[in-house]
Number of protein chains: 2
Amino acid sequence: MVEAVNRFRPGSQQRGEDTRRRILETAFELFASDGFEGASTRTLAERAGVNLPAIQYYFGSKEGLYRAVVEQITDRMEARVAPLAEHIRVELDAGQPPRRQLVAMLCDMLDIVISLMFDENAPDRDSQQKFFARIEVEPNAATDAMQDSMIRHVLRPCTAIIGRLLDRPPDDEQVKLRAMMIIGQAKIFCGWGTSRVLHWDTVSEARVRAVQTVIREHIEAIFRSVRSS
Amino acid sequence: MVEAVNRFRPGSQQRGEDTRRRILETAFELFASDGFEGASTRTLAERAGVNLPAIQYYFGSKEGLYRAVVEQITDRMEARVAPLAEHIRVELDAGQPPRRQLVAMLCDMLDIVISLMFDENAPDRDSQQKFFARIEVEPNAATDAMQDSMIRHVLRPCTAIIGRLLDRPPDDEQVKLRAMMIIGQAKIFCGWGTSRVLHWDTVSEARVRAVQTVIREHIEAIFRSVRSS
DNA sequence: GCGAGACTATATCGATCGATTGACATTATC
DNA sequence: GATAATGTCAATCGATCGATATAGTCTCGC
C-alpha cells in the first residue's frame, strides 16, 4: 500500500482553522465540566456550532480530541513553568545556594503554580481548574503524560530545593512528603476552593496576590523551623 | 391512589441483605475508579455476582445506588471527625484557649483527616482516595451534601481555630485561605500522591504516622511565625 | 472557469446504556 | 402445606452514544 504524498491537512485553510480552534475551545470547557465520558460529541458539536462529523474530521476521534485538549493545557503549563525550573536546575548544579535563595526559588515556583490555577484574565479559568482536578480521576495515556510533565517541571524542582534545605537526598521520603504537601496548598484551589468556600465569582489580581502572599509566609515559616536534623 | 400499608422492604431478609451489601461494596469500588457515568450497571452487576435488575430492585436506580454509596462514605467520615469537631466547638465556646492548645487541636483534626485518607487496614483504601478526589469533579445532589458535611465538620472547626490564632473573625478571607491551604496539605494525597510519586503499594502504619508528623511540624511552624497582625 | 482538494451537511449504522417486563424460585407466616 | 411476601432470573425496550457513508458546498491554483 503506497502512502499518498499530498495527504489532506485538516485546518490548513482559513475556514478550517477557525472551526478546529472552536471545537478545541468548546471541548476544553465541556471535558472540564462533564468529563470524557460525560461529554457527548453531539452536545459538543452543537455548542461549538459545527457538524457532528467535524470532530472525526479534525481530530480523528473523540479520544484524539481529548488528547489535543490535554496537550494544549500541558504545553501552556510547561511554557509558564519551564523557565523557572531550568533556572533552579542551573542554580543547584552550580553549588549550594544560600538558604534564603533556596526558599525564594521555592516560593517563586509556587507563585507560578498559583497564577496557573487562577489564570489571570483568562475566560476559561474555571475550566482550567476543573480540568486540573479531573486528571486525577481520569487515567489516560494523555493525562498520564500531563502528570509526568507536572512531576518533572514542578514537583522535581521542589524536591530538589527541599532536599538541599533539609540536607537530604531529593528522593528521600520525607523530602517528597514535604514537597507534595507544599504543592497541595496550591492544588487545593482546584476543587471546592473558589466556588464553595471562598465565594469568588470574580478573581481579582489582588486576590491572587493574597493567595501567593499567604503561601509564601507558610513556606518561609516551615523552613525557618524545619532544618536539617 | 391509596398507598399500600405493608410496603416491601428490599434487604429486610438475610439473603437480600447480603446481596444489597455486595452491590454497595462493588459500586463503591467501581464508582471510585470509573466514575458515575463510566461505571455501567452491567459490569457492576457482573462483578458483584448479581443480576442486572437487582440494582433497581434494591436501590431504585443507578443514581439511587450512587446516593447510597456517597451517604455511606459521608457517614463513615462524620463518625470519625464529629467527636473532635464537637470538642473544638466546646473548647472555643468556653473562652480563649492557650495558643499551644489551639495548635494542638488543629493538628489533631489534620491527624484524623490523614488517617481517613490512608484508612488503615481497610481493603478499600484506594477506592476511598479515588472517591474523595471524584467528588470535586462530579457535582451532584449527593456529593454536594458530602462536601457540605466536610466543610461543616472539618473546614469550619479549622477556620474557627485559625481565627483565634490570628485574632481575626472566622469568616475572614485570610483565615479561610490558611485553613484551605493547611487542609490541602492532606488532600493532596487523594490524587497522584501515593501511587505515582511516593511508590506506596502498601501503606504501613509507620508511613501514616510519618505523614502526620510532617504535617504537624508544618502547622506548628506556620503558627509559630504567623501571628496576629 | 474549471477541476482538485478542503470543508460541511444529512442520514444512518452498530453498540451500549439504564430501565422494565413478566415469569420463576425461595422464604416466612399462619 | 397453602399463601403471600421477598428475592432472582432471562429477555427486551427505547434512548443515546461514537463513528461512518455519502453527497453536497466552498476555495484556491492554474
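For a quick check, take a GNM of chain B with Cα springs below 10 Å and name the residue from B:Phe59, B:Phe118, B:Phe31 with the largest mean-square fluctuation. The residue with the greatest mean-square fluctuation here is B:Phe59.
Near A:Ile88, once Lys and Arg are set to +1 and Asp and Glu to -1 for all other residues with Cβ below 11 Å from its Cβ, the sum equals -1.
The Cβ shell under 10 Å around B:Leu52 holds other residues with a net charge of 0, Lys and Arg each +1, Asp and Glu each -1. Bridging of A:Lys62 to aspartates and glutamates at a Cα separation below 17 Å is possible for A:Glu25, A:Glu29, A:Asp34, A:Glu37, A:Glu46, A:Glu71, A:Glu138, B:Glu37, once same-chain residues fewer than 8 apart are set aside. Note on segment B:42-147: with charges restricted to the Cβ of Lys and Arg (+1) and Asp and Glu (-1), its dipole about the Cα centre is near 200 debye.
Of the residues B:Ala210, B:Ile88, B:Thr19, the one whose Cα sits farthest toward the positive end of the charge dipole of chain B, with +1 on the Cβ of Lys and Arg and -1 on the Cβ of Asp and Glu, is B:Ala210.
Where does chain B land at 222 nm, in deg cm²/dmol rounded to the nearest 500, when only DSSP H runs of n ≥ 4 count, each adding -39500 (n - 2.57), divided by all residues? Mind dumping the intermediate values first?
Values: 10 runs with 159 residues, N = 229.
Estimated from H runs of four or more residues: -23000 deg cm²/dmol.
The mean number of Cβ atoms from other chains found within 10 Å of a Cβ in peptide B:170-183 is 5, as a whole number. Helix A:125-134 and the long axis of chain A differ in direction by around 80°, with both axes built from C-alpha atoms.
Under Stokes-Einstein, with the Kirkwood radius over Cα pairs as Rh, the value for the protein assembly as shown at 25 °C and 0.890 mPa s is 102 µm²/s. Using θ = phi - 60° in the Karplus curve 6.51 cos²θ - 1.76 cosθ + 1.60, the 3J(HN,Hα) couplings for segment A:76-82 round to 4, 5, 4, 4, 7, 9, 3 Hz; x is entered for Gly and Pro.
Each copy carries a label point for B:Ile151 at 7 Å from Cα toward Cβ; from one copy, the others' points are 3.4 nm away, ordered from shortest. Sorted shortest first, the separations between the B:Pro169 label point and its copies elsewhere in the assembly read 5.3 nm; each point sits 7 Å from Cα along the Cα-to-Cβ line.
For B:Gln101, the distances from its label point to the matching points in the remaining copies are 4.7 nm, ordered from shortest, with each point set 7 Å beyond Cα toward Cβ. For segment B:61-174, relative contact order (Cα pairs under 8 Å, six or more residues apart, normalised by length) works out to 37 percent.
Read-outs throughout are calculated quantities, based only on the coordinates presented, and are distinct from any laboratory measurement. All figures in this text were calculated on a predicted structure; none of them were measured in a lab. Here the Cβ is made from the backbone with ideal geometry for all residues, glycine too, and neighbour counts use every protein chain on show.
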